[in-house]
Amino acid sequence: MRRRALLAAVTGIALALTAACGSSGPGDTKSGEVHVWSLQDAGLTPVVKASITRYNKDGDNKASLSTYINDAYKQKIQVAMGSPNAPDVFYNWGGGNLKQFVDANQVAPLDDALAKKPEVKDAFLPAVLKTANLDGKQYGLPMTGTQPVIFFYNKKVFTAAGAQPPKTYDDFLKLVDLFKSKKVTPIALPGSQGWTELMYAEYFLDRIGGPEKFDAIQKDPAAWKDPDVVKALQMCQDLAKKGAFGTNFASINYDNAGAGKLLATGKSAMFLMGTWEYPTQLTNNPDFAKKDLGWFQFPSIAGGKGQPGNLVGNPSNYFSVNGNSKNKDAAIDYLINTVSSDGYIDDLIKSGAVPATKNAESKLAGKPNAEFNGDVFKMVSTAPSFAQSWDQAIAPDIAKELLTNLQKLFLQQITPQAFVDDMAKRK
Amino acid sequence: MSSVAAKERPGFVWAAPAALFFALFGVVPIVVVIYLSGTKWNGLGTPQWVGSANWSALLDDGEFLPALRTTILLTVGTWLVQTPLALLLGVWSAGQQRFRAVLSTVFFLPLLLSTAAIALVFVCLLDPNFGLAATWGKFLGVPDGNFLGDSGRALPTVIFVLAWQFVPFHTLLYQAATRQIPTQLYEAAQLDGADTVRQFFSITLPQLRNTIVASSVMMLVGSVTYFESVLLLTNGGPGTATQVVPLEMYKDGFIAFDMGYASVLAVLLVIIGTILSIVVVRATGYHRMTSDREGL
């Protein structure tokens, strides 16, 4: 969801201007009321808002909602937690972001409550729940759609070149050469932002060494020096050197929709991006999205230990309960009764998202974009592993370093070895 | 005697409102930042006092010196590009030529736009595929339009955008100052046979000395703290090619949530900015507050 920062910011500003976003300041909190903080997002906000309305109608407890735009929220929640104005239920990104709060003893574990209502935990895909599970305790529940990273491609460009979506990395490299010979940039890469480059490193390492390699890095920075990591980074650099991204990728920006337009106009053949790209294409380039937009999973790599069905991306975003909340029981009650309920899941689907619940498949059928959303659900529900984007899985200070090093790697300014040596130093 | 002095020079009371605001919004934050620079704090909970740990981390930080170097390059580049342009435009627009008023208005337009708007417009203009960079790049020797994504071109491009934005302001200063120069000086020079170029170097330039100092101090201290343009244009990239100290500070504070270390950089910026402005003012004799005009 972080990747939709600009989109969210723009819609957020628009919503703020109409003053109809349902946002009420922390000062309005009545005692005993569960106060929920969430992101301001054109798709998500109405879903959460509806859940609050339903909750207030049904139960004895009351809840209220405040929403904030993405970047402002990140800073606000960091400072508000631990203060008297902290929310009772708060939106977070799971992984390293949530871990900060857990380390500061500010999040309530949900395990006891989930044990009393096992159907709630059971409703979610296990791979998605895992991202909010720290040290064996469940600290959050998925509350947005699931967003894996996949390849998008331009069917028209593929047909003109006589190409098929690749299954293996060797096929993929042949396609790169083919498109280069046709004077089409093989892959659009908005490389002015490091997180777009990170997707390649994530998939290469996952395919070569399996998801365990990144798990090891999260536990001990020395694991950056693993030969498989070096190899994955080398493959990133080789791909850039080969000209797969063209010569000017570092000037291309994701937020102004430049990269998506490259794909839509056929200047590029492929584009590796999170599934949020699909609704973006539907909005920005509707004709292309309806007729010529195809998608496939990241190809398998011969000899690699990772399974070809593994995914990386954003499993979901999460609601967690403030451990110091005065209304902790009520807050847990709200959370347990909301995010897996039929009403909430239906609303999520209506907003265009693919819920991270096991029953989503049947609910997606017959809805708009059923083909794409159904495929995404199939990928997520059958994925042996669904790793969270590294920059969100690890602590923010290390993530910042990681993204800077990646940009330098793609620009051929540092070697993979220098990269891992630098990362291994940080703890 | 004292009553005369009291009449001529208003007492401290006159300065009180300004001093109060300065203390509240200038001095207090600086003191707090100095305190934070001795703590470890990620924004959660209370800051932990760690003494000089953040300051010694500065010595190990491989990114600080390159960022400082980039900041200095940006500052010097900004001064070298903007001062001659602003000076010439200002002097020219103070004259009586035809269309001068119309053209001056056009020149001053960038001054009316917000920094963020300018940066975002340039991001679009410099898009290598869909912006002007795609079509104009080949005339500038950059056929692939890769201005902001090339390590060598990114900083000059930022300096260009900043110049586009700030030259009008300094032009305005020079225009006003040029108009203050007594016309008798030029009349006398003409009688002595001095041509326009000679007049510019012997009268205009010396008479503008104080304006040059004032404009330079603003430019230099301003470019040490340039932040939003760089953030929006390149975000310090590609790699760290345009990473300036204020941006580094922002990223440490609000991306990495390392408030202690970010405060160290903030304190350094305060020190650098102060020293810079003192040095410029001293070196140019501006602090003596002497007038340029005989008998005035």
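The values are calculated or read from the model by the stated rules, or taken from the named source; none is laboratory data. Just so we're clear, the structure is a prediction, and the values are computed from it rather than from any experiment. FYI the Cβ positions are ideal-geometry reconstructions off the backbone, even for glycines, and counts take in every protein chain you see. Areas reflect the complete protein model, heavy atoms only, side chains present, ligands, DNA and RNA absent. Shrake-Rupley method; radii C 1.70, N 1.55, O 1.52, S 1.80 Å.
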Exercise for the section: Please give the peptides B:48-56, A:413-421 ranked by average Cβ packing (other Cβ atoms within 10 Å per residue), highest first, as a rough proxy for protection. Expected result: A:413-421, B:48-56
Fill in the blank from the handout: Pairs over 24 Å Cα to Cα, from A:K241/A:K290; A:K74/A:K121; B:K40/B:K251; A:K74/A:K117, come to A:K241/A:K290; A:K74/A:K121; A:K74/A:K117
Practice task
Using the 2.2 N^0.38 Å rule of thumb for compact globular proteins, work out how chain A stacks up: its C-alpha Rg over that value, please.
Solution key: 0.98
Completion exercise
Sorted on mean Cβ neighbours within 10 Å (highest first), peptides A:200-212, A:356-368, B:147-159, A:374-386 come out as A:200-212, B:147-159, A:374-386, A:356-368
Exercise for the section: With springs connecting C-alpha atoms under 10 Å apart, model chain A as a Gaussian network and identify which of A:T168, A:T275, A:T45 has the largest mean-square fluctuation. Expected result: A:T168
Problem - Rounded D (µm²/s) - the stretch A:126-268, Kirkwood Rh over Cα pairs, Stokes-Einstein at 4 °C, 1.567 mPa s - result: 75 µm²/s
Handout entry: Computed helical MRE - 222 nm, the protein assembly as shown, DSSP H runs ≥ 4 contributing -39500 (n - 2.57), nearest 500
Key = -16500 deg cm²/dmol
Exercise for the section: Among DSSP beta bridges whose residues both lie in the protein assembly as shown, state the antiparallel percentage, nearest 5. Expected result: 60 percent
Problem - Kirkwood-based Rg to Rh ratio, the stretch A:62-140, C-alpha trace - result: 0.97
Fill in the blank from the handout: The alpha-carbon center of the stretch B:52-83 and that of the stretch A:319-387 are separated, in whole Å, by 47 Å
Problem - Length-normalised contact order for the stretch B:49-149 - Cα pairs under 8 Å, 6+ apart - percent - result: 11 percent
Exercise for the section: Could you work out the mean count of beta carbons from other protein chains within 10 Å of each residue's beta carbon in B:235-245? Expected result: 5
Problem - Karplus 3J(HN,Hα) series, Hz, for the stretch B:245-253 with 6.51 cos²θ - 1.76 cosθ + 1.60 (x for Gly, Pro) - result: 4, x, 5, 4, 4, 4, 5, 5, x
Exercise for the section: Could you list which residues have their amide H under 5 Å from that of A:F124, counting only those 5 or more apart in sequence or on another chain, with H placed in the peptide plane? Expected result: A:K358
Exercise for the section: Report the full-extension gain for the segment A:K367 to A:N284: residue separation times 0.36 nm, less the Cα-Cα distance, to one decimal in nm. Expected result: 27.8 nm
Exercise for the section: Let me know the mean shielding of B:36-42 by other chains, meaning the per-residue number of their Cβ atoms within 10 Å of its Cβ. Expected result: 1
Problem - Per residue Cα convex hull volume in Å³ - calculated over the stretch B:59-288 - result: 152 Å³
Exercise for the section: Project the alpha carbons of the protein assembly as shown onto their principal axes and report the range along each, largest first, in whole Å. Expected result: 96, 68, 48
Exercise for the section: List, in order, the whole-Hz ³J(HN,Hα) value for each residue of the stretch A:315-323 obtained from phi through the Karplus relation with A = 6.51, B = -1.76, C = 1.60 and θ = phi - 60°; use x for Gly and Pro. Expected result: x, 5, 10, 10, 9, 10, 9, 4, x
Practice task
From other protein chains only, count the Cβ atoms within 10 Å of every residue's Cβ in A:393-401, then give the mean.
Solution key: 3
Problem - GNM top mover of A:D71, A:D255, A:D58 - chain A, alpha-carbon springs below 10 Å - result: A:D58
Exercise for the section: With springs connecting C-alpha atoms under 10 Å apart, model chain B as a Gaussian network and identify which of B:A19, B:A57, B:A116 has the largest mean-square fluctuation. Expected result: B:A19
Handout entry: 5 angstrom amide H check on A:A387, placed H, neighbours 5+ away
Key = A:L311, A:V312, A:G313
Problem - Solvent-accessible heavy-atom area per residue, rounded to whole Å², over the protein assembly as shown at 1.4 Å - result: 46 Å²
Practice task
Among the aspartates and glutamates, select those whose C-alpha is under 12 Å from the C-alpha of A:K328, and discard any that sit fewer than 8 residues away in the same chain.
Solution key: A:E33, A:D88
Practice task
Please give the direction-averaged projected area of the C-alpha convex hull for the stretch B:151-296, in square nanometres with one decimal.
Solution key: 11.4 nm²
Problem - Phi-based couplings in Hz for the stretch B:169-174 (Karplus 6.51, -1.76, 1.60; Gly and Pro marked x) - result: 4, 5, 4, 4, 4, 5
